[in-house]
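Asks: Handing you this structure, nothing more for now.
Since every read-out is calculated from the coordinates, none of them should be taken as a lab result. Keep in mind that this is a model prediction, so the values were computed, not measured. Cβ coordinates were reconstructed from backbone atoms using ideal geometry, including for glycine residues, and neighbour counts include every protein chain displayed.
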């Protein structure tokens, strides 16, 4: 009997006493029956929806989900201040420059028509350095405690990111997901070459040295061209050797910077000076009168430059003489034991360095004027050399030009290896390349499909409960209408018995 009592728990909704009598019977047992009847249907539909939505997101990902990301880091002197290796303002957006993107597409054999679309789809964002983040977090904590000075300190805190996230939304590029990953990683690799070429200075050095053709000049002028080329090479190597603290030796060329400097000095002292003396002593020239005019003009130009150098040196000497050095007072036990010392500041050291440079510049001008005057006097007194001597000079100059080009190649190769393996070895690194991992793709798909799937499942559950409620309500009240009013039992026991008979008949 307890089972029957639990089975017939009903809720009766009655109208107001003054209105016509109307009852709506809601049986919980009937509701549970309907829920059980529709349970399998609901489970099947829920499983189909739970599978179809993720599959749809995987097969037809929206534009916002077609996104790849990678992380790179820069580590060289000055990057914390936003400066490039050469001291200029560092611009990380060159990573997606048309030069880099086009080179990457060519390496992959892709059409370069997509260069601009890919560039527009890449965004680069800097990440806050850990030290700056910790400082800002600490200042924020102090500010929240009521210290207003911390707010001003937060506003004055500057930082330049050293780590960047590169995001590539390839929806507008026409690339597949796998191809987009390859393109982005190739762009990051190509930027490495672009970075070293831009800040390794090797390409600029080669252009500066080889841009002039000695055959376009008279022999004496060509000698000046060779001297400038050797001086440029020597100064470049000298700057590298100052930065080098490892006594670097190139694996590819076998040279150190000291070896290259010695080779340049040998070419200058042996090969170039021999040609220079032969040309000057024998008056070897293509056009004597034109060369005389050249030396006259050259002497005038050098004289003006000498005057400027003299005035610069004089100004620096006066500045150094009038410069007031910093004074340090050291106090002893009493006034008699106190002492004063002076020390030069950074500004004073800078003036001294400028003075040395100005002196060297003035000495170079004076030496050049003296050399040009000597050649001019020789041209005016002696006759021009024979054709045989001209041919000899041309042969010697061709050999000298070949030696200088060889030195240039050795210098560029050695310097490039030094920058990539020592000086800028860790300057640019890819911390997290774009990935083709199936696990990452699956995780991303599940993450993007989770929200709409949960919403759809919630709607199905509400529909399942609501449908079961309505169906059970309709069925229960339909059964009530089939029971004659006159035959209705007068007490609850008779009503239960009649209802049992009715259920038994329906089950039969």
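Asks: Length gain on complete extension for the stretch residue 289 to residue 308, per 0.36 nm per residue less the alpha carbon to alpha carbon distance?
Replies: That pair, residue 289 and residue 308, stretches by 3.9 nm at full extension.
Asks: On a full-extension model of 0.36 nm per residue, what is the gain between residue 382 and residue 124, subtracting their alpha-carbon distance, rounded to one decimal in nm?
Replies: 86.0 nm
Asks: Once you put a point 7 Å from the Cα of residue 238 and another 7 Å from the Cα of residue 451, both along the Cβ direction, what distance in nm separates them?
Replies: 6.4
Asks: 7 Å from Cα along Cα→Cβ at both residue 75 and residue 39: what's the point-to-point distance in nm?
Replies: Going by the 7 Å Cα→Cβ label model, 6.1 nm.
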